[in-house]
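Input: a single structure, listed below in structure tokens.
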């Protein structure tokens, strides 16, 4: 895929969040609606097209730790605020800021993590777990070796101790298991098709109040980059 090839040609070790979600979306994984913007004016136009409130995230090949750099602003409510956020970010980050990603805000009380890593002797292994800030604390995960189909993906999801997370919850419908299982199989397919990818981390994947599945943040680590 051109996104991966371009990053490798530039000697990069990771895809940007925007690139990572483009890769996932290209394989059918539902991701947040978002647009790139290279100026405050473009950021406002993008936000108006997506609909307020929005997330504004700094974009740049060297900008790996966006939160620590003050380059993540969530729930930005209006055009004036979007422009002000862009200007503050540009002043703070200088040449390190290539632009911003304007993204829709996704709500949901249920969060998952999905990912991929390469296990010696097995190849690409896909993971699903309870996600969000409690991922490491809860440590409730399940794995399968790619490739696998949606039926095996469903079995994988049910291996979680907290698999009740997929059912109806506090007046919200059950999760869209078809979309979830297709997403897990797609991550495995990415691993099979792109041996130059060593790791994928998609966290959080939010189950929306209507049961939809949306990948909100993603990291893709490449082999051989800097």
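The values are calculated or read from the model by the stated rules, or taken from the named source; none is laboratory data. For clarity, every value in this text was computed on a predicted model and none was experimentally measured. Cβ atoms come from the backbone with ideal geometry, glycine included; neighbour counts cover every protein chain shown.
Results for (1) at pLDDT 95 or above; (2) surrounded by fewer than 20 Cβ atoms within 10 Å (Cβ to Cβ); (3) closer than 24 Å to residue 12 by Cβ; (4) out of contact with any strand residue (DSSP E or B) (no Cβ under 9 Å at 6 or more places or on another chain), shown as yes or no for each residue.
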{"residue": "140", "(1), (2), (3), (4)": "no, yes, no, no"}
{"residue": "150", "(1), (2), (3), (4)": "yes, yes, no, yes"}
{"residue": "169", "(1), (2), (3), (4)": "no, yes, no, no"}
{"residue": "180", "(1), (2), (3), (4)": "yes, no, no, no"}
{"residue": "205", "(1), (2), (3), (4)": "yes, no, no, no"}
{"residue": "211", "(1), (2), (3), (4)": "yes, yes, no, no"}
{"residue": "226", "(1), (2), (3), (4)": "no, yes, yes, yes"}
Selection status of residue 106, surrounded by 16 or more Cβ atoms within 10 Å (Cβ to Cβ), in contact with a strand residue (DSSP E or B) (Cβ under 9 Å, 6 or more places away or on another chain) and assigned to a loop (DSSP other than H, G, I, E, B): yes
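Looking at this structure, is residue 35 out of contact with any helix residue (DSSP H, G or I) (no Cβ under 8 Å at 6 or more places or on another chain) and within 21 Å of residue 2 (Cα to Cα)? Before the answer, list the steps.
Working: out of contact with any helix residue (DSSP H, G or I) (no Cβ under 8 Å at 6 or more places or on another chain): no; within 21 Å of residue 2 (Cα to Cα): yes.
Judged against the criteria, residue 35 is not a match.
Among the listed residues 85, 72, which satisfies the condition of being at pLDDT 95 or above and either in contact with a strand residue (DSSP E or B) (Cβ under 6 Å, 6 or more places away or on another chain) or not assigned by TED's automatic domain parsing to the domain that holds residue 216 (or both)? Outline the logic, then answer.
Values: 72 fails: at pLDDT 95 or above.
Checking each option against the conditions leaves just 85.
Does residue 217 satisfy the condition of being crowded, with 18+ Cβ neighbours inside 10 Å, without any contact (Cβ under 8 Å) to a residue 60 or more places away in the chain and on the phi < 0 side of the Ramachandran plot?
On the way: crowded, with 18+ Cβ neighbours inside 10 Å: yes; without any contact (Cβ under 8 Å) to a residue 60 or more places away in the chain: no; on the phi < 0 side of the Ramachandran plot: yes.
For residue 217, the condition - crowded, with 18+ Cβ neighbours inside 10 Å, without any contact (Cβ under 8 Å) to a residue 60 or more places away in the chain and on the phi < 0 side of the Ramachandran plot - is not met.
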Pair list, Cβ under 9 Å, 6 or more apart: region 130-141 residue under 16 Å from residue 180 (Cβ atoms) and not assigned by TED's automatic domain parsing to the domain that holds residue 156, other residue part of a helix (DSSP H, G or I) and at pLDDT 70 or above: none
Qualifying residue in region 120-128 (condition: in contact (Cβ under 8 Å) with a residue 60 or more places away in the chain and over 19 Å from the mean Cα position of the chain (by Cα)): yes
Top-ranked residue in region 93-103 [being in a helix (DSSP H, G or I) and either on the phi < 0 side of the Ramachandran plot or surrounded by 15 or more Cβ atoms within 10 Å (Cβ to Cβ) (or both); ranked as modelled with the highest pLDDT]: 93
Boolean, residue 165 is surrounded by 21 or more Cβ atoms within 10 Å (Cβ to Cβ) and in contact (Cβ under 8 Å) with a residue 12 or more places away in the chain: no
